[in-house]
Amino acid sequence: MIENDTIKLLRECDSGTKMGIKSISDVIDKVESEDFKKILNDSKLKHEKLENEIQDELIRFKDDGKDPSMMLTGMSKIKTNIKIGLDNEDSTIAELIIDGCNMGVKSLNKYLNQYKSAEEYAKDITKKLINTEQQLSEDLRDYL
């Protein structure tokens, strides 16, 4: 059970980091403010570092990880394109990223509770990802 919960939790973190990296990549070139771009770039680097850590752990279990669902990715892309198409302001992009962070934090906390038997290091990775999402959300509030 411990190994199973650990793998499942790591898979959800894998999906979350990939979604975060993709979301940031999709909008960073549309951002006007250089400070805003720096915040996004720094967060993307943190997500990539966590993604590498997660991948290393999944490789130990001979697991391929988990990509974000195509439906979620597609819906996110459509929402992003529509909102930015209507209002290409930094505030719109900040709102979109903050919404994504909030969804990520909610989901990751749910998985932490769901996979209680996961090993502590997997829980720690999840908490680092939650903190990364929360920090990005806080950093972007000035751009709303």
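At-a-glance table
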| item | result |
| --- | --- |
| Shape category assigned to the stretch 32-71 from the gyration tensor of Cα positions, a/c cut at 1.5 | oblate |
| Prolate/oblate/rounded label for the chain (Cα gyration tensor, a/c 1.5) | prolate |
| Sites Lys38 and Asn131 - FRET efficiency at Förster radius 25 Å, r taken between beta-carbons, to 0.05 | 0.85 |
| Accessible area (Å², 1.4 Å probe, nearest 10) - Ser33 | 30 Å² |
| Surface per residue (accessible, 1.4 Å probe) for the stretch 56-144, Å² | 62 Å² |
| Probe 1.4 Å - accessible area at Arg141, Å² to nearest ten | 140 Å² |
| Inter-centroid distance (Cα atoms) of the stretch 61-113 relative to the stretch 29-58, Å | 14 Å |
| Gained length - Asp124 relative to Ile82, 0.36 nm times residue gap less alpha-carbon distance | 11.5 nm |
| Inter-probe distance in nm under a simple model that places probes 7 Å from Cα toward Cβ, at Asn109 and Met70 | 3.3 nm |
| Axial C-alpha extent at least 15 Å, average Kyte-Doolittle at least -0.5 - helices from the chain (DSSP) | 2-27, 70-86, 90-114 |
| Heavy-atom accessible area order for Tyr115, Tyr121, largest first, 1.4 Å probe | Tyr121, Tyr115 |
| Surface share of carbon and sulfur [accessible, 1.4 angstrom probe, percent] for the stretch 26-97 | 53 percent |
| Helix-only mean residue ellipticity at 222 nm for the chain, each DSSP H run of n ≥ 4 adding -39500 (n - 2.57), per residue, nearest 500 | -28500 deg cm²/dmol |
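The values are calculated or read from the model by the stated rules, or taken from the named source; none is laboratory data. Since the structure is predicted, the reported quantities are computational estimates derived from the model, not experimental observations. Note that each Cβ is placed from the backbone with ideal geometry, even for glycine, and that neighbours are counted across all protein chains shown. What goes into the accessible areas is simple: the full protein's heavy atoms, side chains included, and nothing from ligands, DNA or RNA. Shrake-Rupley method; radii C 1.70, N 1.55, O 1.52, S 1.80 Å.
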